[in-house]
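Written out below as structure tokens is the structure these notes cover.
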Amino acid sequence: MLYSFLESIKFTAHIFPLAVFRIGIGSYFLNQSIDKLNTNYLVTPQLARTLNELLNSSHASVNFKYLISEAIIPSWQFFAYLLFFIQLFIGFSFVSGFLVRVSSFFGIILCIFYLLMDVASITPFYQILLLSFISMGFIGAGRCLGADYFFYKRYNGWLW
């Protein structure tokens, strides 16, 4: 496995900057998930409060606002855990370079949700993050400086 890691630098050096960017985004998502653990995000209704505040300043469609207010906010604890585990999975996946395409898919879904909220203060960040997830998933950024190259050599498929 260590040999494959070093070999991935040799054969996929052209995507080395993308690998550094992938590790940076992964550390951001790991930090976000650890902050959710440390701030009692999973036990107190902070997600419901945040979504209520975002809905007040949002220009989203009426149907999407209805979905958030009737489905997500009442069951805030389930969605808080879901958000925590998605961010944790994206973080571990991007830092280790394992299953980057799968975690990019979850990141795309997460970014689309935030973009559908249509809040002017967060929209540019999630637009850039969405394009980053699309490019990392399309290119397979886990093959350089990641575990995906090891599995790509042995089990050629779309996951790696």
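The values are calculated or read from the model by the stated rules, or taken from the named source; none is laboratory data. Quick caveat, the model's predicted, so the values are computed rather than measured. So basically every Cβ, Gly included, is an ideal-geometry build from the backbone, and we count neighbours across all protein chains shown.
For region 109-120, which residues satisfy the criterion of being surrounded by fewer than 19 Cβ atoms within 10 Å (Cβ to Cβ) and either of a type outside the set (Ser, Thr, Tyr) or touching a residue at least 24 places away in the same chain (Cβ under 8 Å) (or both)?
Correct list: Ile109, Ile112, Phe113, Leu115, Leu116, Asp118, Val119, Ala120.
Would a scan of region 43-52 turn up a residue that is hydroxyl-bearing (Ser, Thr, Tyr), part of a helix (DSSP H, G or I) and free of Cβ contacts under 8 Å to residues at least 12 places away in the same chain?
yes
Of (1) closer than 29 Å to Glu53 by Cβ; (2) without any contact (Cβ under 8 Å) to a residue 40 or more places away in the chain; (3) among the charged types (D, E, K, R), Arg154 satisfies all except one. Which?
With respect to (1) closer than 29 Å to Glu53 by Cβ; (2) without any contact (Cβ under 8 Å) to a residue 40 or more places away in the chain; (3) among the charged types (D, E, K, R), Arg154 is out only on (1).
Quickly run through region 12-51 and pick out the residues that are within 20 Å of Phe113 (Cα to Cα), surrounded by 13 or more Cβ atoms within 10 Å (Cβ to Cβ) and among the charged types (D, E, K, R).
Lys36
Out of Leu30, Leu18, report the one residue that is more than 24 Å from Ala120 (Cα to Cα), modelled with pLDDT of 95 or more and assigned to a helix (DSSP H, G or I).
None of the others qualify; the one that does is Leu30.
Looking at (1) closer than 30 Å to Gly146 by Cβ; (2) part of a helix (DSSP H, G or I); (3) not hydrophobic (A, V, I, L, M, F, W, C), find the lone condition where Asn63 falls short.
Condition (1) is where Asn63 drops out.
Which residue out of Phe106, Phe133 is in contact (Cβ under 8 Å) with a residue 24 or more places away in the chain and on the phi < 0 side of the Ramachandran plot?
None of the other options fit; the residue is Phe133.
Got a sec? Which of Gln77, Gln87 is closer than 21 Å to Ile34 by Cα, over 15 Å from the mean Cα position of the chain (by Cα) and polar (S, T, N, Q)?
Within the list Gln77, Gln87, the selection yields Gln77.
Yes or no, residue by residue, for (1) within 20 Å of Ile15 (Cα to Cα); (2) touching a Leu at 6+ places or on another chain (Cβ under 9 Å):
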| residue | (1), (2) |
| --- | --- |
| Leu55 | no, no |
| Ile68 | no, yes |
| Tyr81 | no, yes |
| Leu99 | yes, yes |
| Tyr114 | no, yes |
| Asp118 | no, no |
| Thr123 | no, yes |
